[in-house]
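A.B. asks: Encoded as structure tokens, here's the structure I'll be asking about.
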Amino acid sequence: MVRFSRVREWSSVFALFKHKGWASKLTLSFNCSSTKAAPRFPKMEYQDAVCTLNTLQTNSSALEQVRRERGNPQLQLQAMRGFLERTGLEVEDLDRLNIIHVTGTKGKGSTCAFTEKILRGYGFRTGFYSSPHLVQVRERIRINGQPISKELFTKYFWQVYGRLDETKDGNGQTMPAYFRFLTILAFHIFLQEKVDLALLEVGIGGAYDCTNIIRRPWVCGISSLGIDHTQILGDTIEKIAWQKGGIFKPGVPALTVKQPEGPMTVLKERAVETGCPLWMCPELNEYRAEATLRLGLAGQHQCSNASLALQLSHTWLQRRYLPEDNLPSLTRETTTVPLASAFQISPIMAKGLADTEWPGRTQTLEHGPVTYFLDGAHTMRSMQACVHWFSNAAAQHEKRAGGPVVRVLLFNATGERDCAAMLKLLVPCHFDFAVFCPNITEAIASCNADQQNFNVSVENMLTRCLDNQQSWRMHTGQEEGLNAAGLIHDHLPLMAKHKSDTLVFPCILSALQWICQGRDSVLADPAKIAIPVKDSITAKASPLREATGIHILVTGSLHLVGGVLKHLDPSVAL
């Protein structure tokens, strides 16, 4: 009965989209004008490269093939080695990159960002490969902390794509999928640009991840473990720990943050089997420093990431300057994993921690009366950390507001995530409005190839938004059966006093424009075409127009955060 109701609700939604012309506009925004690989000419533009890259995105059948391959690690990594060799590289060539390899469920990107900033402070030329990107795909491949330029991305893209394309017809050879291609491209760029070291953030898991083709990194790290990607990695944290421990290499030092007992035991067993020396990082407050440590990334959970980054950079520096003594020193043995020493933090390390920036993770942007709190949390543990950070940060801003502040949640989540459970964690934040939209930047737009996703339909994305809205209404005790407010319904619900209103919008821009009500000059740009809103919906926004300030938490998806950043800071798309 519930499913039939949802189908009927969706039918009316899509009918309205078609009536308003939004469905076709959304499709144009979501899909590039052509999915065919463009021919390679010397003057090919950046967008041509990205559109061609998007043809490698994994569809559902290919994803199922990847899942089957994960049951055979030799097949998985053998395929990656074959792709690498077709570009003219051998696995042995990657040894020259002096790699730091980092995995984990949450915090691995932040850990890499801390580590990269510290080592760059010592004068090293750094490469940094991460995922996903927020606004432009070239963010995934960084040189000295900056996304590779459009010119260099385009140049190297066609070099690698051309070699793979020329060899794909023989012996049943194919093109690598999106992430595999970008990983090969990153290796190629780092070697060509002669970096002193490369930080590699694992995509999913570790054991079968395509970054794990490397033979001998200089040091490995494991950030906080939790439940995510269960269809691929397993449905228990112990199974996930086994996958993460797959990056261990014989004789290569590895560091982990403190983990629950079960997964920590699995990591130790994996390290023993592999012949990998494994240590646990101390608490951040156990290090010695000349002054109070300050972290450039907000949130208490960043302390463990910072400690892991200190250990990774310290171990890498030891190997660089003291090759015969490159293992962390011990303070004491624990029942599971020995504890690494909390050393004296150098001024360069302290400055690196303080100056680290990692957009979209516990990031705050103030645009006049509108304050955005951006965090791409998409697991239960990361959402718990997000709630703790937002509650404290928003409270501090509200003290300085000098008047009433309206709190708004802007949420979306993708994939197999348990959205209802994550939304339940957000209820205590006491939002006045809960707004849901898909990860579509704008309904009326030119081709924006960097943020296209061919793996899910617009219909599925909007249906997920409706499901999330229903979950929120249930969590907040609102009556069932009431029509939800938003651009896709004719009537507004009669909410109980102090209950948060819920709305669904067809794209990120329409959601932001409704929330801000013209009070953010960036969003009020006439070039940003707004979707017409009913008078009843406009009237519902009176608290947003009258409040001293508007506080918006954007969370649930890094892709959602990236779409918001694209509108808030147009320079990031240049």
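The values are calculated or read from the model by the stated rules, or taken from the named source; none is laboratory data. Predicted, not measured: the structure shown is a model, and the values here were computed from it. We place every Cβ from the backbone using ideal geometry, glycine too, and count neighbours over all the protein chains shown. These area figures cover heavy atoms from the full protein model, side chains too; ligands, DNA and RNA do not enter into them. Shrake-Rupley method; radii C 1.70, N 1.55, O 1.52, S 1.80 Å.
A.B. asks: Counting other Cβ atoms within 10 Å, keep those with at most 10, restrict to DSSP loop, and tell me which trypsin sites (Lys or Arg not before Pro) in the range 357-451 are left. Don't skip to the end; give the middle numbers.
C.D. replies: Details: sites: ARG361, ARG381, LYS399, ARG400, ARG407, ARG417, LYS424; in loops: ARG361, ARG400, ARG417.
When the trypsin sites (Lys or Arg not before Pro) of the range 357-451 are filtered for loop state and at most 10 Cβ neighbours within 10 Å, ARG400 remain.
A.B. asks: So how compact is the range 81-194: Cα radius of gyration and Dmax in angstrom?
C.D. replies: 14.7, 47
A.B. asks: Now for a different question. Using a 1.4 angstrom probe and counting only protein chains, how large is the accessible area of VAL272 in Å², to 10?
C.D. replies: VAL272 has an accessible surface of roughly 110 Å² with all protein chains in place.
A.B. asks: Out of the GluC sites (Glu not before Pro) in the range 341-450, which ones are loop residues according to DSSP with at most 15 other C-beta atoms within 10 Å? Before the final figure, lay out the partial values.
C.D. replies: Working: sites: GLU357, GLU366, GLU398, GLU416, GLU442; in loops: GLU357, GLU416, GLU442.
For GluC sites (Glu not before Pro) across the range 341-450 that sit outside H, G, I, E and B with at most 15 neighbouring Cβ atoms in 10 Å, the list reads GLU357, GLU416.
A.B. asks: Sorted from largest down, what three extents in whole angstroms do the Cα atoms of the range 203-260 have along their principal axes?
C.D. replies: 30, 25, 15
A.B. asks: Out of the trypsin sites (Lys or Arg not before Pro) in the range 137-206, which ones are loop residues according to DSSP with at most 15 other C-beta atoms within 10 Å?
C.D. replies: Filter output for the range 137-206: LYS168, LYS194.
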